Amino acid sequence: MKRACVIGWPIAHSRSPIIHNFWLQELGIDGLYEKQPVKPEELAQFLSSLHERGYSGCNVTIPHKEAVFQLAKPDAIAKRLRAANTLYFADGELQATNTDVEGFWASLKADVPGFSIEGKPAMVLGAGGAARAVIVALLDAGAAEIRVANRTLGRAEELAGLFGDKIKPVDWAKKDQALSDVGLLVNTTALGMEGQPSLEISLENLPPKAAVSDLIYVPLQTRLIEAAQEAGHPVSGGLGMLLHQAVRGFELWFGKRPQVTPALRSLVEADVRRKS
Ligand code: NAP
């Protein structure tokens with residue numbers, strides 16, 4: 001039996017087992033995906049015994065995404081993001097990669113068919129780990145400029161230092177005005193998530209054809225997505241990114257490339273509804 005897991009502290013909230021065990025069953029693979037609570041001080045020991053524990057690899061979540069970087073060999077995308085979310089064995093070594101970039105982009109393309117940001121500016125709200133993945137996806141897709149508005153401006157400035165001149169830090173108070181010519185608005189902050197303050201933003205200046213993406217998936221439909229839909233913008237919610245980022249990990253551990261289907265989406269949506 002092939003096995004993989006997700007490690008984090010805490011880990012009870014993770015929906016990754018629902019996704020991977022659905023695919024294992026659907027594809028008829030004799031395998032298991034489980035949660036493993038791993039404290040920060042146990043991380044090095046856990047990873048050094050990953051193979052002995054019978055695992056082909058694992059997902060990595062808070063608070064280990066940066067720490068694993070020192071304990072596994074990062075690929076080019078993990079190095080660009082300075083964080084990893086997926087570990088697997090290749091050439092006898094534990095390798096680290098990051099699938100959030102492709103998860104974000106695949107989800108956006110699936111929800112907004114024909115979407116392109118090439119040659120256009122984009123606006124990213126937030127400057128944390130998720131913002132890095134979104135920025136890399138947009139740079140690779142040819143965005144002309146990526147405006148980053150963040151409550152703490154210094155963190156947006158750090159991203160400009162990390163990713164170059166196309167990143168333009170924007171004062172949080174001026175985010176509404178900076179929307180007038182963008183092709184995409186993405187919320188990567190925690191605002192609008194269940195239990196968090198709401199995101200206060202006016203979409204008045206947003207061009208009618210601009211797409212709106214929100215990485216939050218609890219609730220499944222955020223107020224930002226609702227407001228954008230009401231104003232006629234194409235939209236992309238956060239659940240798709242969670243589902244699409246899981247595809248490559250599954251393929252690396254279990255050897256088959258799975259599909260993100262409506263049946264999988266319904267299963268995870270039901271879990272989100274049940275627990276919120
Ligand atoms: P993070 O590194 O902790 O960053 C959090 C961001 O939210 C920062 O930019 C922070 O601003 C901002 N923020 C938090 N509270 C705020 C407030 N009250 N007012 C204004 N800004 C506030 O977290 P992350 O890993 O980037 O994740 C961010 C969000 O994306 C979370 O909601 C997470 O669930 C979601 N996410 C979704 C997926 C998916 O697959 N759909 C994947 C990754 C993340 P400061 O810098 O000023 O603190």
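State all residues of the stretch 118-136 that are within 22 Å of residue 206 (Cα to Cα) and buried (at least 22 other Cβ atoms within 10 Å of the Cβ); if no residue qualifies, say none.
122, 123, 124, 125, 126, 127, 131, 134, 135
For the stretch 123-155, name all the residues that are small (Gly, Ala, Ser), within 16 Å of the ligand (Cβ to nearest atom) and closer than 16 Å to residue 211 by Cα.
137
Any residue in the stretch 162-177 that is within 22 Å of the chain's Cα centre (by Cα), among the aliphatic types (A, V, I, L, M) and part of a helix (DSSP H, G or I)?
Within the stretch 162-177, one or more residues are within 22 Å of the chain's Cα centre (by Cα), among the aliphatic types (A, V, I, L, M) and part of a helix (DSSP H, G or I).
So which residues in the stretch 91-120 are assigned to a loop (DSSP other than H, G, I, E, B), out of contact with any helix residue (DSSP H, G or I) (no Cβ under 8 Å at 6 or more places or on another chain) and either modelled with pLDDT of 95 or more or aliphatic (A, V, I, L, M) (or both), if there are any at all?
112, 113, 114, 116, 119, 120 - these are the residues of the stretch 91-120 that are assigned to a loop (DSSP other than H, G, I, E, B), out of contact with any helix residue (DSSP H, G or I) (no Cβ under 8 Å at 6 or more places or on another chain) and either modelled with pLDDT of 95 or more or aliphatic (A, V, I, L, M) (or both).
Filter the stretch 207-231 down to residues that are in contact with a helix residue (DSSP H, G or I) (Cβ under 7 Å, 6 or more places away or on another chain) and under 23 Å from residue 152 (Cα atoms) and give me whichever is surrounded by the fewest Cβ atoms within 10 Å (Cβ to Cβ).
212
Just to be sure before I move on: is residue 78 closer than 21 Å to residue 47 by Cβ, in a helix (DSSP H, G or I) and either under 13 Å from the mean Cα position of the chain (by Cα) or within 16 Å of the ligand (Cβ to nearest atom) (or both) in the structure I sent?
Answer is yes for this residue.
Being away from the ligand (no atom under 16 Å from the Cβ) and either touching a residue at least 12 places away in the same chain (Cβ under 8 Å) or out of contact with any Gly (no Cβ under 8 Å at 6 or more places or on another chain) (or both), is that true of even one residue in the stretch 236-247?
No, the conditions are met nowhere in the stretch 236-247.
Conditions first: (1) closer than 17 Å to residue 237 by Cβ; (2) more than 17 Å from the chain's Cα centre (by Cα); (3) in contact (Cβ under 8 Å) with a residue 60 or more places away in the chain. Residue 113 passes all but one, so which condition is the exception?
Of the numbered conditions (1) closer than 17 Å to residue 237 by Cβ; (2) more than 17 Å from the chain's Cα centre (by Cα); (3) in contact (Cβ under 8 Å) with a residue 60 or more places away in the chain, the odd one out for residue 113 is (3).
I want to confirm something. Restricting to the stretch 35-62 and keeping residues that are in a loop (DSSP other than H, G, I, E, B), loosely packed, with under 14 Cβ neighbours inside 10 Å and under 24 Å from the mean Cα position of the chain (by Cα), which single residue is modelled with the highest pLDDT?
Top of the filtered list is 39.
When both residues are 6+ apart or on different chains and their Cβ atoms are under 6 Å apart, which pairs have a first residue that lies in the stretch 121-149 and is assigned to a helix (DSSP H, G or I), and a second that is among the aromatic types (Phe, Trp, Tyr)?
Close Cβ pairs satisfying both conditions: 133/104; 134/104; 135/163; 137/104; 137/105.
The values are calculated or read from the model by the stated rules, or taken from the named source; none is laboratory data. Keep in mind that this is a model prediction, so the values were computed, not measured. All Cβ positions, even for glycine, are placed from backbone atoms using ideal geometry, and neighbour counts span all protein chains on display.
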